[in-house]
Structure formats: structure tokens, C-alpha cells
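Just below is one structure, and these are the notes that go with it.
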Amino acid sequence: MSLALDAAAQDLLFREARTANTFTDEPVSEEQVQAIYELVKYAPTAFNQSPLRVLLVRSPEARDRLVRHMSEGNRAKTAAAPLVAVLTADHDFHQKLPRLFPHFPAAKDVFFSERPARERASSFNAALQVGYFIIGVRAAGLAAGPMSGFDADAVNKEFFADEDRSVLAVVNIGKPGPDAWRERLPRLAYDEVVSTV
């Protein structure tokens, strides 16, 4: 076997995992989210910058505020999901670098004093963490429904007007409900993706 992960774990995290479109009403606990984060925090990021920030949308009022900015096809499932997470890139991540990258605390100023550099770095590295977040949700035995179908500018203004963040994804989280899955779509073959030089 070429992989260290056993077949059941491979199925849970990859082969059998799907984007859920419906969920049961079983709640997602704070303890489950904390356990997910305890895995996600180990995602690789440049300079250990860890720019991902997660907003958990739990209250009905906050849910209504979010749903109105979702694309039409994403509104009903976002309104009904047990938990919704708004995943953002923090463009002020550099303020935490002296603690997160202690062997070179000057990285904060040497590499990230200019906002365009911070935006590029935080958006890319937080996107890496988004992938880990989805895997973390699956590792908790839950289904994730990640979406990019929303008005990002409106969500930023609605929830992060006083913070320097950019929304990357909205993820519905919970136990899959009836007819949660669409038909599995094809994937590219190895030789269509991988080349050697």
C-alpha cells in the first residue's frame, strides 16, 4: 500500500466524502468545532502566518443577514444548515508574526509592510487553510458544503466592516440529510494532471 492512511480514513476524508446539499437538524457543537480547529491549525502557511479567520454563524438574526447575500441557489441550504462558517483571510495577519514566527520577528516589517504583499500572502495561505478546514470537518464525521456563490463585497461589509478581511468561502456544516449528494462528477486522470521533467 502506497499510503500511510488506512482505507477507512481515505474513504472518510476523500473517496466517500462529498459536498452536502442537505443536512439533518442535529446541531454541531462548539466542542466539535474546536476539535476541527485543533487539526486545521497545522495547515502549512508561509512564515507560519496562519491568516485564516472563521466566523461561526449560529444566531437566526446573523443567519438572515448572511443568507440575503448568498446566490439564489445557495440560500435555502445555507438557511437550513445546522452551522455555517464564513472563512476569511485576515490581511492584518502580520501583526501576529512576532509570536508565530519568533525566530525572525522582523518578517512582519521586512516582507509584509506593504498592503498588496499582505493581501496576496493572506489570500493564498488562508485558501490553503480552507482546504484543511474542509478535511477537518470530514475528520469530525460531518459533511461540509463549501460555497463561493455569494456577494463577497456585501458579506465583507455586513460582517467585517471594521476588520481588514476578505471572505474566501462560506461552508455549511452538519450531518448529511436526505438526498444530500448529487451524482459524483468525473475527475481528471493522473496522466492528465501530472507530468515529469
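The values are calculated or read from the model by the stated rules, or taken from the named source; none is laboratory data. All values reported here derive from a predicted model rather than from experimental measurement. Neighbour counts run over all protein chains shown; Cβ positions are idealised from the backbone, glycine included. Note: accessible area is taken over every heavy atom of the protein model, side chains too, but ligands, DNA and RNA are not part of it. Shrake-Rupley method; radii C 1.70, N 1.55, O 1.52, S 1.80 Å.
What is the dipole size for segment 1-123, taken about its Cα centre, with +1 at each Lys and Arg Cβ and -1 at each Asp and Glu Cβ, in debye to the nearest 20?
Values: 16 positive and 16 negative charges, 92 e Å.
Charge dipole, segment 1-123, about its Cα centre: 440 debye, nearest 20.
Which residue, Gln95, Leu168, Ser123, has the largest displacement toward the positive end of the dipole of segment 95-197 when charges sit on each Cβ (Lys, Arg +1; Asp, Glu -1)?
Gln95
Counting heavy atoms of the protein chains only and a 1.4 Å probe, report the per residue accessible area for the chain as a whole number of Å².
Accessible area per residue: 58 Å².
When you have a sec, figure out the Kirkwood radius of segment 1-72 from all distinct Cα pair distances and drop it here in Å to one decimal? Each step should come with its number before you reach the end.
Working: mean 1/r = 0.0626 Å⁻¹.
Result for segment 1-72, one decimal place: 16.0 Å.
Just the projected area, averaged over all directions, of the convex hull on the alpha carbon atoms of segment 149-197: how many nm²? Please list the in-between numbers first.
On the way: hull surface 29.4 nm².
The Cα convex hull of segment 149-197, projected and averaged over all directions, gives 7.3 nm².
Under the definition of Cα pairs under 8 Å and six or more residues apart, what whole-number percent is the relative contact order of the chain?
About 35 percent, as a whole number.
Using a 1.4 Å probe and counting only protein heavy atoms, arrange Leu142, Leu185, Leu39 so the residue with the most accessible area comes first.
In descending accessible area the options line up as Leu185, Leu39, Leu142.
Using only Cα atoms, figure out Rg for the chain and give it as a multiple of 2.2 N^0.38 Å. Spell out each step's value before the answer.
Working: Rg = 18.1 Å, N = 197, 2.2 N^0.38 = 16.4 Å.
Compactness ratio reported: 1.11.
Which value in deg cm²/dmol, rounded to the nearest 500, describes the helix-derived mean residue ellipticity at 222 nm for the chain, given -39,500 (n - 2.57) per DSSP H run of n ≥ 4 and division by the residue count?
On the way: 9 runs with 78 residues, N = 197.
Counting only the DSSP helices, I get -11000 deg cm²/dmol.
Quick one: ranking Phe104, Phe150, Phe124, Phe93 by accessible area, 1.4 Å probe, largest first, what do you get?
The ordering from most to least exposed comes out as Phe124, Phe104, Phe150, Phe93.
Within the chain, which DSSP H helices have Cα atoms that stretch 24 Å or more along the helix axis and a mean Kyte-Doolittle hydropathy of at least -0.5? All intermediate terms of the calculation are to be shown ahead of the outcome.
Working: long enough: 115-139 (35 Å, 0.08).
Helices passing the filter in the chain: 115-139.
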